[in-house]
């Protein structure tokens, strides 16, 4: 199907918490069979994380639900010799393996990329880590907040008097996961297949900071926090209306002129302090205050409607709940639902619409080990052997 371009691809998801599971979730949305290989008894740490203590106690924490729908779950003790052998058997049936352990962990287990690709030369082995598989930080523990700090993101987030600030969601995990999914999709397109992918969350984040990095490397401009101001133009940023903030991006001269005229501020158009883009950038704070004198007289929604009609890009500043309920997003069907034991659980689908259809999860996030019998039988284990391995704690 056009909306399942990865149908027929088997992915082994050995990952935990967010970056790796988020990567594999998007592979599942694109049609891949994703088998989550988890530690017996406890599984992915995200199973006990989230805002609902009852779900955490059941091993189905909200943090787990967010990026594990559409997957299967098996359990396996990869430290045990029998467990290592079983993973190798499973690898022979797979196209992709994704892990986000600290660099060196899989090698110490005797399950590194060289070993596993000897079992299956067509295997795409993807390792996601905070800093990459080489370098002086390779062995350091890395959570999203640590990466945000080391990547420089926090140093440019916030206003000059409030930075450094962390971005308000796990930016490094999600950008790292998307980068890994993109790399895997590219490697799957190669012929013959087979690759070892080294994904650094830090490098993935820095790559997304293109303009900031280029201003530093090429223009010699020191990166700095600028709050809600767009440093490339003015007036462009967040402004106060009568009932709340509004974003306006009058980046072109004609947009600036239309904005000032609509606000009845032709006096600003005649002011030499605002004659050119560079003048307006240099005097941006005085210009914002002058515009807000008028913007504060009416509600944000009125200004958004009128300015957009004039070709001046504008938009409300919404909370997350408001954004999810907004007719634009709600009407395009980003949020879907799956049934979990008779209860509807709402989840985000793919941000990609393919041939008019949005890939959505079609099965709920799996309970720990729920697919043990089917998956292990699929590589040749007999039912009594599976039961014995469960009793031994291998599965």
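Taking into account only those residues within the range 114-129 that are closer than 19 Å to residue 34 by Cβ, touching a strand residue (DSSP E or B) at 6+ places or on another chain (Cβ under 9 Å) and touching a residue at least 40 places away in the same chain (Cβ under 8 Å), which is surrounded by the fewest Cβ atoms within 10 Å (Cβ to Cβ)?
Step by step, filter the range 114-129, then rank; the result is 123.
What's the total number of residues in the range 13-63 that are at negative phi and in a loop (DSSP other than H, G, I, E, B)?
16
Looking at 102, 92, which one is closer than 24 Å to residue 142 by Cβ and either surrounded by fewer than 18 Cβ atoms within 10 Å (Cβ to Cβ) or out of contact with any helix residue (DSSP H, G or I) (no Cβ under 9 Å at 6 or more places or on another chain) (or both)?
102 is the lone residue from the list that is closer than 24 Å to residue 142 by Cβ and either surrounded by fewer than 18 Cβ atoms within 10 Å (Cβ to Cβ) or out of contact with any helix residue (DSSP H, G or I) (no Cβ under 9 Å at 6 or more places or on another chain) (or both).
Could you please give the count of residues in the range 1-12 that are touching a residue at least 60 places away in the same chain (Cβ under 8 Å) and assigned to a loop (DSSP other than H, G, I, E, B)?
Qualifying residue count, the range 1-12: 6.
When the range 143-164 is examined, which residues are found to be surrounded by 15 or more Cβ atoms within 10 Å (Cβ to Cβ), on the phi < 0 side of the Ramachandran plot, more than 19 Å from the chain's Cα centre (by Cα) and outside any helix (DSSP H, G or I)?
163
Against the condition crowded, with 19+ Cβ neighbours inside 10 Å, without any contact (Cβ under 8 Å) to a residue 40 or more places away in the chain and under 23 Å from residue 173 (Cα atoms), how does residue 43 come out, does it pass?
no
Is there a residue being closer than 22 Å to residue 20 by Cα, part of a helix (DSSP H, G or I) and in the same structural domain as residue 104 (by TED's automatic domain parsing) anywhere in the range 119-139?
There is no residue in the range 119-139 that is closer than 22 Å to residue 20 by Cα, part of a helix (DSSP H, G or I) and in the same structural domain as residue 104 (by TED's automatic domain parsing).
What are the residues in the range 371-395 that are surrounded by fewer than 13 Cβ atoms within 10 Å (Cβ to Cβ), out of contact with any helix residue (DSSP H, G or I) (no Cβ under 9 Å at 6 or more places or on another chain) and part of a loop (DSSP other than H, G, I, E, B), if any?
382, 393
The values are calculated or read from the model by the stated rules, or taken from the named source; none is laboratory data. Here the structure is a predicted model, which means the values were calculated and not measured. Note that each Cβ is placed from the backbone with ideal geometry, even for glycine, and that neighbours are counted across all protein chains shown.
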